Each structure stands twice: as C-alpha cells, then as structure tokens.
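No value in this document is a laboratory result; all are computed from the given coordinates. What you are looking at is a predicted structure, and each value in this text was computed from that prediction instead of being measured. Because the Cβ atoms are built from the backbone with ideal geometry, glycine has one as well, and the counts that use them run over all protein chains shown.
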Amino acid sequence: MLDATPASDHALMLAVRNGRLEAMGELFERHHGALFGFLFKLLGERTAAEDVAQIVFQRMLKYRHTYREEGHFSAWMYHMARRCAADQARKSARAPAPTDPSTLDSAADAQPAAADLAAARDDRDLLQAALARLEPADREVLLLSRLQELSFAEVADIMECSAGAARVRAHRAMQTLRAHFFQLQQKVAS
Amino acid sequence: MKCEAVQERMMEWMDGRVPPDLANELKAHVDACPGCQAELAATQRFARLLDRPPAVSPTPELRKGVYAMIAEEMAGAPAPARRAEPRPARPAWAWLRLPAVQALAACALVAAGYLAGLRRAPAPTPPTAASAPATQQDVAEIRAQIGQLVGYTLEQQEHASADQRLETVLTTAAEPKPNQNAIDSLITALAMDPSVNVRLSAVQALYAHADQPIVRTAVAVSLPRESSPLVQLAMIDFLTAARDRSAIPVLTKLSTTADDPSVKEAAGRALAQLEPAHF
C-alpha cells in the first residue's frame, strides 16, 4: 500500500515529470472543476471552456519536463490556462463579446428556460454578461485574483506585471464589473 | 491609509490573505470610514458572485478525453530520462483518432479516476471566515457534479452484494467471447469495487485479455491506487506476465515506497524481468 496521506499537488506533478504519468489523473480529479469554472467565466462558453481545459491538461503532460522542483502546481496550471485561453480567443470567432441583455437566456448553452431558473441564476447570467464586457486583461486578473490558491505575487507573475499593478488592476476591474452589472440589471428590468 | 489604498487591498483582506498588522490597519480605517464600509460590502457581494461555480459543469467527455491522453502517453512515452526535448506538438485532438479500444481505455481510466475521488478525496482547503459559506457551497456543488457522474456505478454497487458482484465477474470471465463492454466491466470492477475478492477475481479474469493495451494500461493505472497488498501482488504478476514495459515507472515507485514488504519485493522482481536486458 502506498502512503496513507494524500500527496501534494507539487509531489504529484513531480511524479508526472519523472514518468509516473498516471498521477496526472489524480491532479485532474483535484483541479478540473475549478479550472473549468475559471475558463467558463473567462471565455463565457461551455464548449470553449471544456476544449481549453483539455488542452491545458494536454500541455501539462507534454511540457511536464519544464515543471520545476520549486514550482507551485496551481500557478503553473493557471499560467498555462491563461495562455491556452488566449490562443483559443485568437483562433475562435467565439471570443467573448459584449452581450445583449435580451439574449441573456442563451448565454450558457444547453440551459433550461430562464423562467424555470431560480433568481440566483439571473445574477449568474448578468455576471457572465458583465464579465464579457470587461477588457480581456481585466477579466483575467480579476478571475485569477479570486483563486484562493494563488497569491497576488503569483497572479502578477501570470499576468507578467508587478504585484502592485495586479492588485490595482484587479480592484479597478471589480469596480468596472459592478458598473456593468448594474447597467445590465437596469436594462433587463426596463 | 487613504481610501484608495484600503480599497485596493479589500479583496485580499476579506480572503484573509494579508498580514495581521495590515489587517488591523485596514479594519481601523474601515471602522471609521462609511465610504469604505459601503465599498467593502459591495466587494464582498461581487466576490461571492464571482466565486460561485458556473451553472454548467463539464461534460463527461472532458474526463474521457484527458484520461485517453494519459493512456496514450503512458503507452507511447519513452523513459523520461532519455528524453532531451519535448516531443513535437500533436494535434490537440489526436486522441480522437485513437482506435476504439483506446477510447474504451479512457472509460476504464475514468473509473480509476472516480476511485481516486472515492478513496482519497482531498480535504477541502479550510475556508476563511469571510468566505466560508461560498467556499463550502462551491465544494458541495463540485462534489455534487462528480456525484452525478459516478452515481450510476455507485448505485449498482450499493444494490448488489459482494457475492453477486463476484458472480458477475466470474460469469464474465467464463464467457467464451466476452465483448468489449464485458471487459470494460471487469476493468471497472478492478478499479472501483470495494471488495478485495471481487477485485482479485477481476485481475484473474483480465489475464485472458492481457493482449489489449486498454487492459494493461488500466491495471497499471489502478496499481498505485490499490489498497490491498493481495490485489497489488496479483496486479504486479499480471503486468509481468503481460511484459508491459509501460508499467516500469509504476513498479519503480512501488519498489521503493510500498508499505508492504512483499509488494515492494514483487515490484522489484517484476522490474528485473521487465528491464530491457530481458527483451
């Protein structure tokens, strides 16, 4: 029997790097939900989020030799996720675009009718629409800053800026998001 | 501190990610500043909204696709020490072109993945005071999503006794020409069944199909997750008999870290037989 205590993400990724590829399955089980959630909010579309999530795991397998002894798995994964999402946005005509509130019902594919949804879903849809109105870099830094496993220093590293700049940008993005949200809310209500 | 500086730190503060000294400074300012109190309330509301998982969850295809990639990589990857450069890029969806048997391997590995969640679900990160409700809700929702995926199999397990499941495995093994679904069932039993007897019987039944890459990969992936030394020994024997060199990394790890001395020894023996000198 192997170790009783669960291995850390870092230990599992080092194991993958050293040839124990099956350990990637454990990392997938631990992280794919959060990764998908991040990508869905970033890209605004389920299929795109799922495609990119798969590409992220593919790249982690492919570039496993570049994972460093002193690395932090989550930071490495979201660094790849941001790059993969940017590639996807460039390639796809489905890149996030300002959403018309009148089409919010179809913002998420394969969803039941809005009338059947709880009130909380309205906020979700409005939030997604508000996120889509942010500048891509603002959306990225705001969503990254909400990932509890990342420090602002790591968010800054992923965004390739200073921690101070990431902090300021995230704060301003949050204010802009709120403004967009309330604007959309008023449009829907009117 | 000025209001702007306080507000820039609010998200970190409410997440408990600032040093105590700074937290005290921020609190002192907010306690005395109605404007920052309103800002804090708004930031908390939107942070909670942002932290909620989306209404949609990934389809089972994501798991199948990722596990197929792992299986493909395990089947084709040379020993890492010999690889100087990453391999040239493959098309993103190369796994879709795999033979049907590899796609089924993905299904089997999905079962192994479920097993990881069932047997060794990682403990959720302790929530901070400010974000506790949202974090717990997130964990519950994510677990619910996974639960939906594994529900069918769990239901099957709950409604059949170990004897019945064992009988199913033995019946499958006795079929003169078991179809791929039957083999998939054996692999699922090996990866997920809570009974040592059933898992042991599944290993034995899979010998007849050791020529299939799907079967060998599934055994190799299940081996490090297996909790019973008895079943681990059977798996090691299987991989040795199948002469599956893609299992060398798994066996190498077991030969040094297995708790059970007989497993450690068996893994070492298997390695000796699978090393290139024996081919």
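Considering only the other residues whose Cβ falls under 12 Å of the Cβ of B:Y67, what net charge follows from Lys and Arg at +1 and Asp and Glu at -1? Could you put the intermediate results ahead of the total?
Values: positive: B:R63, B:K64; negative: A:E22, A:E26, A:E29, B:E61, B:E72, B:E73.
That works out to -4.
Once the other residues with Cβ under 10 Å from the Cβ of A:A75 are scored (Lys, Arg +1; Asp, Glu -1), what is the net sum?
Working: positive: none; negative: A:E149, A:E154, A:D157.
Summing Lys and Arg as +1 and Asp and Glu as -1 gives -3.
Exposure proxy shown here: for B:C3, A:C84, B:C33, the number of other Cβ atoms within 10 Å sets the order, fewest to most, as B:C3, B:C33, A:C84. Taking each of A:K62/B:K64; B:K64/B:K253; A:K62/B:K253 in turn, the alpha-carbon distance tops 24 angstrom for B:K64/B:K253. Within the shell defined by Cβ-Cβ distances under 11 Å, the residues around A:I158 carry a net charge of -2, with Lys and Arg each +1 and Asp and Glu each -1. Modelled label positions at A:S92 and B:C33, each set 7 Å beyond Cα in the direction of Cβ, lie 4.0 nm from each other.
What's the whole-number percent of alpha carbon pairs in segment B:1-83 lying beyond 19 angstrom? It works out to 59 percent of all Cα pairs.
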